[in-house]
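Heads up: the structure comes next, in structure tokens.
The values are calculated or read from the model by the stated rules, or taken from the named source; none is laboratory data. None of the values given here were measured: they were computed from a predicted structure. Neighbour counts run over all protein chains shown; Cβ positions are idealised from the backbone, glycine included. Only protein heavy atoms, including side chains, enter the accessible area calculation; ligands, DNA and RNA are left aside. Shrake-Rupley method; radii C 1.70, N 1.55, O 1.52, S 1.80 Å.
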Amino acid sequence: MAVSVLMSVAAIFAFNFFFLPPVGALTVADPQNWVALFAFLVTSITGSQLSSRIRREADIANRRRREIEHLYAFSQKLLGEGNVIQLMNAIPNHIVEAFETGAASLFLADKQKFYRSGYGALQLEEQQLRLAYEREEPYCDAAQGFSFGPVRLGMKSIGSFGISGAPLTRQTLEAVGTLLGIAIERARAVEQLSRTEADRQSERLKSALLDSITHNFRTPLTSIKASVTSLLSQGAPRGGQERELLEIMNEECDRLNKLVEDASEMSKLEAGEIELEFRAVPAQELVDTALANCKASLSTREVRIHVPKDLPPVRADLARAKEVLVQLLENANLYSELDKPIVISAENIGNFVTFSVADQGPGIDTMEQGLIFDKFYRGKDQRSVIQGTGMGLPISKAIVEAHGGSISVTSQLGRGSVFSFALPVARQGGDRS
């Protein structure tokens, strides 16, 4: 305004002195010339203001254009990183390069860790970054030339960032914070996807290996088993020691056969090669069938049954569901003392009927409860005491999940364990498929 007024007044004096009569004097003889002078003054000031405003708006537009270009370049750099750790370390340097700042820092709240650019003389204080995270909104420290903003993932703030040496608008700071949140979450998702894919490939390799082993083991095992059985059936051998060795061979063949059968069944279950014949199965029928199958192994063991009569039938393949309950009963029988009872119970929970087998055995350590459903895993305290393949529970889990249910365990050391599996309630109108 001062410049435009000064130039306008100077122009009026020059026009008056050189062009208006009397020429060469600063006097105005005709009153109409005063009107013209004031009109020229108002017009020049107005035109100057409009020109100044247009220039300011053009400068703002150019600055925003440059910031958008910087944001685009910054987003491209962020998308180039797939590893979370590498991305965290690279973000401050990317900010410095994209926005041509002096230094940059990043703070992540969940890790309570700070990441800084590798160059830049002026470093931002950790307390300021923590404050920016707590405030959850961008702000600028004009005195020191710092800009801070939260790193957002949706509406949640997961950290903060700081920039020195380059004043950025509030909108740009918010955009940078959002880009950082998206990039971090994307890197985590990509890393998790890669890990999941690696696990899936590992499982496929394991299944292929198991399938190959089971096919290659069956023929020699069958031959060994037939030979040993034939020798034992021919009467007493020449010495008692020889017979004992043959019996050991016979028992070990049975163990290997059981391992091969379990591995083969697990491989088929994981590959979806086993077809289930679903029908409506009463809960009591499932329990009775499993107990009949375990009659010899349970022997004189006390078994308590708590199955309400009003339970709805479950949608299940009776033969496969029976395998699960038999496995849990045999485990309870093996891992608890003979004078301790086993309790079988069932209850309706929503759209599922949950079957439970409780024992009073030694219990399972909390750290092991998440591992016992893994293939070939056996409890560290029971490996040398009770023989087994470590495939019973994984097969049971696969069967239950094929039914659309779930299996779990609750245990306390010295108090026993409760294994439970849930099967869906049969729909009205029939469930055979």
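Here r is the Cβ-Cβ distance between Asp110 and Ala14 and R0 is 51 Å; the resulting FRET efficiency, rounded to 0.05, is 0.15.
Rolling a 1.4 Å probe over the protein heavy atoms gives the stretch 1-158 an accessible area of 62 Å² per residue. By accessible area, using a 1.4 Å probe on protein heavy atoms only, the stretch 136-185 has 58% of its surface on carbon and sulfur. Separation of the alpha carbons by more than 20 angstrom is noted, of Lys340/Lys375; Lys77/Lys113; Lys111/Lys156; Lys113/Lys156; Lys295/Lys322, for Lys340/Lys375; Lys77/Lys113.
Taking 7 Å steps out from each Cα toward its Cβ at Gln192 and Arg170 produces label points 3.3 nm apart. Looking at the stretch 309-354, the trypsin sites (Lys or Arg not before Pro) that sit in a DSSP loop and have at most 15 other Cβ atoms within 10 Å of their own Cβ are Lys309. Our estimate of slack between Glu100 and Ala73, defined as 0.36 nm per intervening residue step minus the Cα-Cα distance, is 8.6 nm.
With the simple spin-label model, which puts each label point 7 Å out from Cα in the Cβ direction, the Glu277 to Ala319 separation comes to 0.6 nm.
Grab the beta carbon distance between Leu232 and Arg415, set R0 = 41 Å, and tell me the FRET efficiency rounded to 0.05. Kindly include the intermediate steps, with their values, before the conclusion.
On the way: r = 44 Å, r/R0 = 1.07.
The pair Leu232/Arg415 has a calculated efficiency of 0.40.
Loop-resident chymotrypsin sites (Phe, Trp or Tyr not before Pro) (DSSP state other than H, G, I, E or B) in the stretch 1-85 with no more than 14 further Cβ atoms inside 10 Å of their Cβ: Phe19. Packing-based ranking of 294-301, 249-256 yields 249-256, 294-301, ordered from highest to lowest mean Cβ neighbour count within 10 Å. Whole Å is fine, so just give me how far the alpha carbon centre of the stretch 288-329 lies from that of the stretch 126-188. Centre-to-centre (Cα) distance: 60 Å.
The modelled label-to-label distance between Ala25 and Arg56, using points 7 Å beyond Cα along the C-beta direction, is 4.3 nm.
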